[in-house]
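The values are calculated or read from the model by the stated rules, or taken from the named source; none is laboratory data. Quick caveat, the model's predicted, so the values are computed rather than measured. We place every Cβ from the backbone using ideal geometry, glycine too, and count neighbours over all the protein chains shown.
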Amino acid sequence: MDTTIDVEQGINRITFARTDEQRELVAVANAFARERLRPAADAMQRAIAEHGFGAWQVPDGLLAEAAAAGLLTYAIPEPHGSGLDAVTSAMLMEELTWGDPGLASLFGSGQLFAGGLLAAGDGLDPAVRDHWLAKVCAPEGAYAAIAFSEPHAGSDLANIRTRAERDGGSWVLTGEKTWITGAMPGTSALLVFARTGEDGAGGISAFIVPGDAEGVSYQKLDLLGLRTSYTGQIFLDGVRVPSDHVVGGVDAGFLVAMKFFAHSRPQVAASALGIARAAFEHAVEYANEREAFGKPIMTRQGVSFLLADMGMKIEAARALVWRSCDTAERGEDVGLLGSYAKAFASDVAMQVTTDAVQVLGGAGLSTDHPVERWMRDAKVLQIVEGTNQVQRLIASRYYSQGMVAVP
Ligand SMILES: Cc1cc2nc3c(=O)[nH]c(=O)nc-3n(C[C@H](O)[C@H](O)[C@H](O)COP(=O)(O)OP(=O)(O)OC[C@H]3O[C@@H](n4cnc5c(N)ncnc54)[C@H](O)[C@@H]3O)c2cc1C
């Protein structure tokens, strides 16, 4: 997004046109999404449907291909990644999720982990940071995970129970994490939030844990949506990490988490756009072809107006997503806009995918079409990264401080 101040006219002009460079990057991501992610996801879904969740497997070489195309690390600063700005990153995220929400989510796990490290700013030894950023930016691609949630504490993150005890020059972690994207055997690194001090937000620290550290084990979860992603539990049984692997300082983990979410929520919102757009396009195509009572159903206002509402909602959501990314990019407080964007875009994705199923009628419920799958994927986005109720809670906290307008 190009924002310029026209001093002569005294107005702030905002243009939403993509730059030439952004168009080229989007074209690369779209081609990969269309030619590689969609067929891979279809094959994975078929295998899971036929043989159960044990048949989950990302096709050989796909991760490395995504890495080679620059689609795993575009938001990570140079020299490790491409260092793209937040708005351009959101554009790529939309395309990849348009290809397949589950694979896009899993392939984004390295960037999530990196986002946690970067949220610590000076609170992490640069040598340690660079070592782990290089790991997740490996040329062959890498999975990673950021682990806040526990069986009894998701929204209530300040209430986590995983413990880290100091032992000489290291920390020893014990506990359980759940619903974690990329928590799988072979994952390169975990960022684990654990209790180091008093109850509540002030007693939490974040730790870099090698994915294959002794005492770490994983269990895959079988969920309604994002079934091509890998969501798992992490069991930490006396896992030892060096003291310089604390990210952001001892007892400062909650702050790291909040900074992380401020930057990740607009990107999650961008992924919701990808799902919504995929379902919308599919529904438009279907409505133009499907005939009922002797005419394409697109000629029926009951259908075409529904589609018009879907298109409008997506465009409105995209404007909000780009605006929140632009705000984050300028280093301004993006808490309120990020929560708006995350909740609005994922609610739009839920509405649009549900309406897409309606447009397809019975076919919409069948696995012959992907819209039922996208509807299940959209539901996940209303829950992850802080549920949409939590986003409204965050907004209300701004309001109670008298902040109702975004500068
Ligand atoms: C596919 C998937 C991937 C995920 N990936 C990750 C990951 O990589 N890392 C990670 O740490 N976590 C991850 N999560 C977990 C996710 O962040 C949590 O599920 C989410 O934060 C909600 O927590 P919870 O499930 O414990 O629900 P709860 O916190 O138990 O909430 C249950 C319900 O109560 C509502 N609620 C709770 N508190 C309030 C309140 N104060 N006001 C109003 N309503 C409230 C919630 O909105 C929700 O509707 C993932 C989840 C899924 C499904």
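Of all residues in region 274-291, none satisfies being in contact with a Pro (Cβ under 7 Å, 6 or more places away or on another chain), surrounded by 16 or more Cβ atoms within 10 Å (Cβ to Cβ) and modelled with pLDDT under 95. Starting from region 212-237, take each residue that is hydroxyl-bearing (Ser, Thr, Tyr) and list its partners that are near the ligand (Cβ under 10 Å from one of its atoms) and part of a loop (DSSP other than H, G, I, E, B), counting only C-beta distances under 6 angstrom and pairs at least six apart or across chains. So the pair list comes out as Tyr218/Ala183; Thr231/Leu221; Thr231/Leu223. Evaluating Gly102 against the criteria (1) touching a Pro at 6+ places or on another chain (Cβ under 8 Å); (2) within 16 Å of the ligand (Cβ to nearest atom); (3) not polar (S, T, N, Q) leaves one unmet condition, (1).
Gly402 meets each of the listed conditions (1) more than 15 Å from the ligand (Cβ to nearest atom); (2) under 24 Å from the mean Cα position of the chain (by Cα); (3) in a loop (DSSP other than H, G, I, E, B) apart from (2).
Kindly evaluate Val209 against the criterion of being over 20 Å from the mean Cα position of the chain (by Cα), crowded, with 21+ Cβ neighbours inside 10 Å and without any contact (Cβ under 8 Å) to a residue 40 or more places away in the chain. Here the answer is yes, as Val209 does meet what is asked.
Per this entry, Ser217 is counted among residues that are over 22 Å from Glu372 (Cβ atoms), within 28 Å of the chain's Cα centre (by Cα) and modelled with pLDDT of 95 or more. Is it fair to say Leu273 is part of a helix (DSSP H, G or I), among the aliphatic types (A, V, I, L, M) and closer than 21 Å to Ala356 by Cα? For Leu273, the condition - part of a helix (DSSP H, G or I), among the aliphatic types (A, V, I, L, M) and closer than 21 Å to Ala356 by Cα - is met. The set of residues from region 178-191 being away from the ligand (no atom under 11 Å from the Cβ), more than 21 Å from Arg129 (Cβ to Cβ) and of a type outside the set (A, V, I, L, M) comprises Pro185, Gly186. Candidates Ser89, Ser82: the one that is surrounded by fewer than 20 Cβ atoms within 10 Å (Cβ to Cβ) and among the hydroxyl-bearing types (Ser, Thr, Tyr) is Ser82.
Residues Gly225, Gly238: which one is in the same structural domain as Glu150 (by TED's automatic domain parsing), within 23 Å of Phe113 (Cβ to Cβ) and surrounded by fewer than 17 Cβ atoms within 10 Å (Cβ to Cβ)?
Gly238
Condition check ((1) more than 16 Å from the ligand (Cβ to nearest atom); (2) at pLDDT below 95; (3) at positive phi) across all residues:
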| position | (1), (2), (3) |
| --- | --- |
| Gly123 | yes, no, no |
| Ala144 | no, no, no |
| Glu150 | no, no, no |
| Arg161 | no, no, no |
| Gly168 | yes, yes, yes |
| Val172 | yes, no, no |
| Glu176 | no, no, no |
| Phe193 | no, no, no |
| Thr196 | yes, no, no |
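When Leu112 is tested against the conditions (1) within 11 Å of the ligand (Cβ to nearest atom); (2) surrounded by fewer than 24 Cβ atoms within 10 Å (Cβ to Cβ); (3) more than 23 Å from Glu65 (Cα to Cα), the lone failure is (3).
Residues in region 49-75 that are small (Gly, Ala, Ser), touching a residue at least 24 places away in the same chain (Cβ under 8 Å) and assigned to a loop (DSSP other than H, G, I, E, B) were compared, and the one that is farthest from Gly115 (Cα to Cα) is Ala69.
Annotation for region 230-244: at least one member residue is in a helix (DSSP H, G or I), modelled with pLDDT of 95 or more and on the phi < 0 side of the Ramachandran plot. Val250 meets each of the listed conditions (1) surrounded by 15 or more Cβ atoms within 10 Å (Cβ to Cβ); (2) over 22 Å from Trp132 (Cα atoms) apart from (2). Just one of the numbered conditions (1) in contact (Cβ under 8 Å) with a residue 60 or more places away in the chain; (2) surrounded by fewer than 22 Cβ atoms within 10 Å (Cβ to Cβ) is not true of Val136: (2).
Rundown of residues vs (1) in contact (Cβ under 8 Å) with a residue 12 or more places away in the chain; (2) β-branched (Val, Ile, Thr); (3) touching a helix residue (DSSP H, G or I) at 6+ places or on another chain (Cβ under 6 Å), yes/no style:
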position	(1), (2), (3)
His152	no, no, no
Thr162	yes, yes, no
Glu176	yes, no, no
Thr181	yes, yes, yes
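Among the residues that make up region 47-64, is at least one of them of a type in the set (Val, Ile, Thr) and surrounded by fewer than 18 Cβ atoms within 10 Å (Cβ to Cβ)? Yes: one or more hits.
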